[in-house]
Amino acid sequence: MRKLAAFVLALALGAAASVSARAQENGLVAVNAALQAGEADHALALLSSLPAAQAQSAEAHNLRCRVLYALGEWDQAASECAQAVRLDGQSSDYHLWLGRALGERASRASFLSAYGLAKRTVQEFQQAVQLDPRNAAALADLGEFYSSAPGVVGGGMDKAERVASELDRVDEARAHELRARIAEDNKDYATAEREFRAAIKASRQPAFQWMTLGNFLRRRQRLSEMQAAVENGYSLAMRDRRAAVALYNGATVLIHAGQNLGLAAKMLDAYLASPLKTEEAPAFVAYVARARVAAQLGDKATAERDRDAALALAGEYRPARNLKF
């Protein structure tokens, strides 16, 4: 009887531990869901409500970093991502996000500070790729750093070309996009356009690559072709729910060009109505963009409504707080 009782007790303790583990895991899942939905305040509140041990886990610090990154709080984001890396230095994604946060800091720092931050940025991207050579996002970020940064902080077109070759085996469309950016940085615009168009052909979700081509055409001031590219991307994204964020990308191309703001507003509306929003284009950022478009179109009531919607999701988001109509 004693053995049976001990066995039953062990089963009960094991079941309780399993339930507790699932509850903790579900807590982090809920945080990530809020992050993807653009609910920054809710995500931070969920993180604050986690049990102490879980709140100090590497994953929790990484999630907090990404929420702060979305809010544009680069210093705090870098601090949180650095803590995630300290707790789990074997995660490729943790190093990637630390590199991204440091890169944002570097782009806004004084010359002396930017040098050190840029060196740290490339080291994190390199570590991310070393830990997972098939991490396409890390490869793309590393290649873009190499192509745009001066040699003194580790940049170099030859290095970027090598990363493009590695991307060929992982994500062909991203490899073409990286080669396009290398060519554009070298002022070889014909090759850049050819590579951007090759990326469209290679992609499984070409809505994204059409918007990227549109942005290139905007930079070249080929505005009618830019609009045609964005419209192609719009048509594809409306038929592919997984490509919803391409709608946001296309809208920003038109906004930066000051062209067809009515279509930009439609794309932002469609993105915000999608159940598949992502942290790549946080909902509160999309609401601010929609508010600015509405204001430019003379619709003050919609602009105010969209600003309020942004603040409801991210009360401390400064671009929303600073909006005046």
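Structure notes:
- Any pair with Cβ under 6 angstrom, 6 or more apart, that starts in the range 115-126 at a residue that is among the charged types (D, E, K, R) and ends at one that is buried (at least 22 other Cβ atoms within 10 Å of the Cβ) and at pLDDT 95 or above: Arg120/Leu102; Glu124/His95; Glu124/Leu98; Glu124/Gly99
- Criterion (farther than 24 Å from Ala140 by Cα, part of a helix (DSSP H, G or I) and either at pLDDT 90 or above or in contact with a Lys or Arg (Cβ under 8 Å, 6 or more places away or on another chain) (or both)) met by exactly one of Ala30, Ala84: Ala30
- Take the conditions (1) over 28 Å from Val85 (Cα atoms); (2) touching a residue at least 40 places away in the same chain (Cβ under 8 Å); (3) of a type in the set (S, T, N, Q); Asn135 misses just one of them, which is (1).
- Counting only helices (runs of 4 or more DSSP H) wholly contained in the range 255-318, the ones carrying 2 or more residues that are surrounded by fewer than 17 Cβ atoms within 10 Å (Cβ to Cβ) and either at pLDDT 95 or above or aliphatic (A, V, I, L, M) (or both) occupy 261-273, 300-313.
- Single residue of the range 43-73 satisfying the filter (crowded, with 17+ Cβ neighbours inside 10 Å and hydroxyl-bearing (Ser, Thr, Tyr)) that is farthest from Pro282 (Cα to Cα): Ser57
- Any hit, the range 177-190, residues being surrounded by fewer than 20 Cβ atoms within 10 Å (Cβ to Cβ) and either among the small types (Gly, Ala, Ser) or within 20 Å of Tyr271 (Cβ to Cβ) (or both): yes
- Out of Ser49, Ser92, sole residue that is touching a residue at least 40 places away in the same chain (Cβ under 8 Å) and farther than 25 Å from Val288 by Cβ: Ser92
- Counting residues in the range 232-251 that are of a type in the set (Val, Ile, Thr), in contact (Cβ under 8 Å) with a residue 12 or more places away in the chain and in contact with a Ser or Thr (Cβ under 9 Å, 6 or more places away or on another chain) gives one or more.
The values are calculated or read from the model by the stated rules, or taken from the named source; none is laboratory data. These figures come from a predicted structure and were not determined experimentally. No Cβ is skipped: glycine too gets one built from the backbone with ideal geometry, and neighbour counts run over all protein chains shown.
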